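Undergrad: Sharing a structure below in structure tokens format, with a few things to ask.
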Amino acid sequence: LKKKEQLRRALTSETFCTKGKCAVSLMLAKLDIINTILTMKYQRNVIQMKTGRLKEYDSVYKKMQKKGLELNFNVALEKINDLIGVRAVCAYVDDIYQVAQMIKKQKDIRILKTKDYIQEPKASGYQSLHLILETAVPFQEDIQWIKIELQLRTAAMDYWANLDHQLRYKRGKKETQFIDEELQQCAAVIRALDQKMLTIRKKIDKI
Ligand code: 0O2
């Protein structure tokens, strides 16, 4: 119980929350700049929506339990990639990779890991491109490298993930088995739709 309480205090501490919120603001500003550049270039809005959050303590705790991790702040910092998370929703699949490329090239970003669930969707049907990265955040006295999970997806992938997320909390109950299958089918439909929309947009671009 002591370890759990120490972890809770560290994750909800002013120091950690301030750092995390600053990192989120910075990443959202970076995405804003990228969107301005791409919107000028293509004459359409490339990033349709973006959000950021610090993971709730309860959710971190559950994830650590599930992964069998020692309840310790440093272990959480190292092993839970999405303690600080930012999500950007793009119009088309190629936009996702374009945004990712621009993020990767930035001097104050280090990419730790790329998880491409678009090329290789998860068994659930989940699709998104995840960049686990560190970004340099300038504070008053020093610069600190802070880890963020950036999730990039299309509007259709986001629509699917939000519904799937609601099911996740209810998994294990017997009624959910068929819903899982239906969601997998929907994921395939969404994949085909995203590809078709991209093909049509490319045709329109050429006119
Ligand atoms: P929440 O509630 O969204 O925050 P690993 O890399 O294997 O050590 P991890 O961190 O679970 O483990 O990696 P993974 O699988 O890449 O998942 C990271 C996040 O991606 C999840 O965070 C979800 O936000 C999202 N995600 C992954 N799989 C699915 C899925 O099947 N459906 C939906 N809707 N989202 C998914 P959390 O903390 O699991 O969840």
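The values are calculated or read from the model by the stated rules, or taken from the named source; none is laboratory data. Here the structure is a predicted model, which is why all the values come from computation and not from measurement. Reconstructed Cβ throughout: ideal geometry from the backbone, glycine too, with neighbour counts over all protein chains shown.
Undergrad: Of all the residues that make up segment 192-207, how many are at pLDDT below 95 and either among the charged types (D, E, K, R) or surrounded by 12 or more Cβ atoms within 10 Å (Cβ to Cβ) (or both)?
TA: So the count comes out to 2.
Undergrad: I would also like to ask the following. Looking at segment 74-105 only, could you name the residues that are away from the ligand (no atom under 16 Å from the Cβ), in a helix (DSSP H, G or I), buried (at least 18 other Cβ atoms within 10 Å of the Cβ) and hydrophobic (A, V, I, L, M, F, W, C)?
TA: Correct list: VAL93, VAL99, ILE103.
Undergrad: Could I ask something else about it? Under 8 Å by Cβ, and 6 or more places apart or on different chains, what pairs join a residue from segment 183-205 that is of a type in the set (Gly, Ala, Ser) with one that is outside any helix (DSSP H, G or I)?
TA: Cβ pairs passing all conditions: ALA187/PRO121; ALA187/SER124; ALA187/GLY125; ALA187/TYR126; ALA187/GLN127; ALA188/GLY125.
Undergrad: OK, next. Search segment 1-51 for residues being among the small types (Gly, Ala, Ser) and free of Cβ contacts under 8 Å to residues at least 60 places away in the same chain, and hand back the single one that is nearest to ALA76 (Cα to Cα).
TA: The residue in question is SER13.
Undergrad: If ASP158 meets every condition in (1) assigned to a helix (DSSP H, G or I); (2) in contact with a Gly (Cβ under 9 Å, 6 or more places away or on another chain) apart from one, which number is that one?
TA: (2)
Undergrad: For LYS196, only one of the following conditions fails: (1) away from the ligand (no atom under 13 Å from the Cβ); (2) under 19 Å from ALA123 (Cβ atoms); (3) assigned to a helix (DSSP H, G or I). What is its number?
TA: (2)
So that you can scan it fast, the table gives a plain yes or no per residue for (1) out of contact with any Gly (no Cβ under 8 Å at 6 or more places or on another chain); (2) aliphatic (A, V, I, L, M):
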| position | (1), (2) |
| --- | --- |
| LYS55 | no, no |
| GLN65 | yes, no |
| ALA76 | yes, yes |
| ASP82 | yes, no |
| CYS90 | yes, no |
| ASP108 | yes, no |
| GLN119 | yes, no |
| LYS122 | yes, no |
| ARG153 | yes, no |
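Undergrad: Quick one: count up the residues across segment 62-73 that are surrounded by 12 or more Cβ atoms within 10 Å (Cβ to Cβ) and within 11 Å of the ligand (Cβ to nearest atom).
TA: 3
Undergrad: For the condition assigned to a strand (DSSP E or B) and surrounded by 18 or more Cβ atoms within 10 Å (Cβ to Cβ), what is the one hit in GLY52, GLY20?
TA: Result: GLY52 is the single residue among GLY52, GLY20 that is assigned to a strand (DSSP E or B) and surrounded by 18 or more Cβ atoms within 10 Å (Cβ to Cβ).
Undergrad: Among the residues of segment 106-140, write down those that are outside any strand (DSSP E or B) and under 15 Å from the mean Cα position of the chain (by Cα).
TA: Of everything in segment 106-140, those that are outside any strand (DSSP E or B) and under 15 Å from the mean Cα position of the chain (by Cα) turn out to be TYR117, ILE118, PRO121, LYS122, TYR126, GLN127, SER128.
Undergrad: Here are some residues: LEU163, LEU183, LEU152. Which one is more than 10 Å from the ligand (Cβ to nearest atom) and either under 18 Å from THR51 (Cα atoms) or not basic (Lys, Arg) (or both)?
TA: Working: LEU163 fails: more than 10 Å from the ligand (Cβ to nearest atom); LEU183 fails: more than 10 Å from the ligand (Cβ to nearest atom).
Being more than 10 Å from the ligand (Cβ to nearest atom) and either under 18 Å from THR51 (Cα atoms) or not basic (Lys, Arg) (or both) holds for just one of LEU163, LEU183, LEU152, which is LEU152.
Undergrad: Which residues, counting only those in segment 95-105, are farther than 19 Å from ASP158 by Cα and under 14 Å from the mean Cα position of the chain (by Cα)? Full working, then the answer.
TA: The initial filter retains those residues of segment 95-105 that are farther than 19 Å from ASP158 by Cα, namely 101-105.
Within segment 95-105, just ILE103 meets the criteria.
Undergrad: Right, next: Could you run through segment 106-146 and say how many residues are charged (D, E, K, R) and more than 12 Å from the ligand (Cβ to nearest atom)?
TA: Here the count works out to 6.
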